[in-house]
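Below is one structure, written out as structure tokens; the observations come after it.
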Amino acid sequence: MSEDGRELTYHSGFIPPVSPKKTNPAASNGTVGVNRLRQSLTRTHGVFMIMAWPMLAFTAIFFAAWMKPALPNGQWFQAHRFFMIASVFVGVVGFILIFVANKDNEIPGLVSFQNKPSSVVHFLFGIILMALHLINPILAVLRCGPKSPNRWKFNLVHGAIIGITAQVLATINAGIGIAIFAQKYNNFEHFDVFWVYLFFVIFLLFFTLGLYALFSFIAHRSKSAKDQIKLPPSLVKPLFKQRALKQRSSLEGPSSSVREPSMGEPSGFENLEEVKDDKYRRPTSKDAHLRWLALFIYLLVMLPLMLAIIGLIVA
């Protein structure tokens, strides 16, 4: 009641949500069942996308970015390919599920641009990510040989442009999706989902920067020109390679520590299958133990956090 007792008012500033049009609670038109199905499909979409990107795709990227010197005979590629193919399949299923969940929209499956900006951005980023998710494996299948003069173009597009762009967009879009989920359910338990994910993003950022600093420092300190080429992170490898080539040019005769593969010999990190001939097997790098430790730490932090997020989403 208002102070003069003439008007009914709310006891607080909270305005309960209402439907956009009049509804008949007594009518049995299956709306409740449809909403529950849509909610279940949306939750499942979220679970599949968490599995597809932070769990599978990011692990695949980790093997390609950091494990080549520790698995120099092609095993890194086998792991990268396995996790990425699994990521594509899981991501496609999750992508289809959200369209099925929204099939009753005015434009079936599509988000209206009159919706909240966060929903529109999440939808658009999702379309872009799905395209990148499908294009990159196709490029990998059509790649040129490891000794081709155009190989650097494939490496640039596949890894540096599409790969990094997809990873950054996926990290942002998963956070937007989780924020939308937490806002929709508007309770403490589901709001925890966003903070758990934010902690993972902060960990991933500083962990990646730490790995760049560590392995760049190890490569810089190495006196071997070969190690200066194979040990640094991919994004800074050209700088170290240029430095190593300058050192090589200053050396005389066959004493140079950098050697080109002979005819028929696997070219090191670019070989696609495990090398079975002991004659051409390459030794692991001096810092292999640090790379395995980094992978262990990453999985030790990532898996519990992602499983916790999945548990909160389905709860």
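The values are calculated or read from the model by the stated rules, or taken from the named source; none is laboratory data. Note that this is a predicted model, so its numbers are computed, not measured. Positions of Cβ are backbone-derived with ideal geometry, glycine not excepted, and every protein chain shown enters the neighbour counts. Only protein heavy atoms, including side chains, enter the accessible area calculation; ligands, DNA and RNA are left aside. Shrake-Rupley method; radii C 1.70, N 1.55, O 1.52, S 1.80 Å.
Here is a list: ASN155, ASN173. Which entry is surrounded by 14 or more Cβ atoms within 10 Å (Cβ to Cβ), more than 30 Å from ALA308 (Cβ to Cβ) and polar (S, T, N, Q)?
Being surrounded by 14 or more Cβ atoms within 10 Å (Cβ to Cβ), more than 30 Å from ALA308 (Cβ to Cβ) and polar (S, T, N, Q) holds for just one of ASN155, ASN173, which is ASN155.
For residues that are open to solvent by 20 Å² or more (accessible area, probe 1.4 Å) and in contact (Cβ under 8 Å) with a residue 40 or more places away in the chain, scanning just region 48-62, find the one that is nearest to HIS122 (Cα to Cα).
MET49
Please specify each residue of region 116-174 satisfying the condition of being polar (S, T, N, Q) and either within 19 Å of ILE61 (Cβ to Cβ) or without any contact (Cβ under 8 Å) to a residue 24 or more places away in the chain (or both).
Selection gives ASN136, SER148, ASN150, ASN155, THR165, GLN167, THR171, ASN173.
Give the number of residues within region 130-163 that are over 29 Å from ILE98 (Cα atoms) and not hydrophobic (A, V, I, L, M, F, W, C).
Selection size over region 130-163: 10.
Residue pairs, Cβ under 7 Å, 6 or more apart or interchain, first in region 287-315 and under 22 Å from PHE181 (Cβ atoms), second open to solvent by 60 Å² or more (accessible area, probe 1.4 Å) and assigned to a helix (DSSP H, G or I). List them.
The qualifying pairs are LEU305/PHE199; LEU312/GLU189; ALA315/GLU189.
Would you mention how many residues in region 213-228 are open to solvent by 40 Å² or more (accessible area, probe 1.4 Å) and touching a helix residue (DSSP H, G or I) at 6+ places or on another chain (Cβ under 6 Å)?
So the answer is 0.
Would you point out which residue out of GLY264, GLY253, GLY210 is surrounded by fewer than 17 Cβ atoms within 10 Å (Cβ to Cβ) and either of a type in the set (A, V, I, L, M, F, W, C) or modelled with pLDDT of 85 or more (or both)?
Answer to the check: GLY210.
Do we have any residue at all in region 70-79 that's open to solvent by less than 50 Å² (accessible area, probe 1.4 Å), modelled with pLDDT of 95 or more and out of contact with any Cys (no Cβ under 8 Å at 6 or more places or on another chain)?
yes
Right, ILE218: under 21 Å from the mean Cα position of the chain (by Cα) and either within 30 Å of ALA131 (Cβ to Cβ) or among the aliphatic types (A, V, I, L, M) (or both) or not?
Spelling it out, it is not the case that ILE218 is under 21 Å from the mean Cα position of the chain (by Cα) and either within 30 Å of ALA131 (Cβ to Cβ) or among the aliphatic types (A, V, I, L, M) (or both).
When you go through (1) touching a residue at least 60 places away in the same chain (Cβ under 8 Å); (2) open to solvent by less than 40 Å² (accessible area, probe 1.4 Å) one by one for VAL88, which number turns out not to apply?
Of the numbered conditions (1) touching a residue at least 60 places away in the same chain (Cβ under 8 Å); (2) open to solvent by less than 40 Å² (accessible area, probe 1.4 Å), the odd one out for VAL88 is (1).
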